[in-house]
Amino acid sequence: MGEDLRSRRVVIAGVGASGLALAITACGGGTDTATSAGGATESSAPQSSAAKSSAAPQGGSALATTADIPVGGGTIFKDQKIVVTQPTSGEFKAFSAVCTHSGCAVGSVADGQIVCPCHGSKFNIADGAVTNGPADKPLPEQQIKVDGDQITLA
Ligand code: FES
């Protein structure tokens, strides 16, 4: 009995960025959600060439050297959709570079914050926490390994 209004939330996320799949699955729907939104037309297909997925991230692949990551800042690796930061000298962190607000790729790192160009959300480089909305969830941390001066995806 009753309608399942929760399914309406899925419409918002139909942008096509693979990172959004994480958010969608968290809702625990049960059916394949992305294609069944009633009433929506298919007008929003992104036509950028972002689908160059031949270099899928995999464990152990080299990402950067420590010299690539400024202290108190960070570097965005667009292909891997990862931002690597160095909050303090010798301490390296990595986060998803997909903004938790609407799925834009974050665009820059400045003043100790990772900045999304779409609506201005900012995230702390040390823990990915939101320091400025509209995003309300932190950037998920990614596992990396630092071996000597080599940074690799764990
Ligand atoms: Fe990043 Fe809106 S998508 S602030």
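Computed from the coordinates by the stated procedures, all read-outs in this text should not be read as laboratory data. It should be emphasised that the depicted structure is a prediction, and the values quoted were computed from it without experimental measurement. Neighbour counts are summed over all protein chains in view; Cβ atoms, including those assigned to glycine, are modelled from backbone coordinates with ideal geometry.
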One finds the C-alpha centres of segment 87-104 and segment 113-143 to be spaced, in Å, by 7 Å
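Going highest first, how would you order 101-113, 83-95 by mean Cβ packing within 10 Å? Intermediate values should be presented prior to the final figure.
Values: 101-113: 17.5, 83-95: 19.2.
Ranking, from highest mean packing down: 83-95, 101-113.
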Please enumerate, by chain and number, the lysines with C-alpha under 21 Å from the C-alpha of Lys93, excluding those fewer than 8 residues away in the same chain. Lys78, Lys81, Lys122, Lys137, Lys145
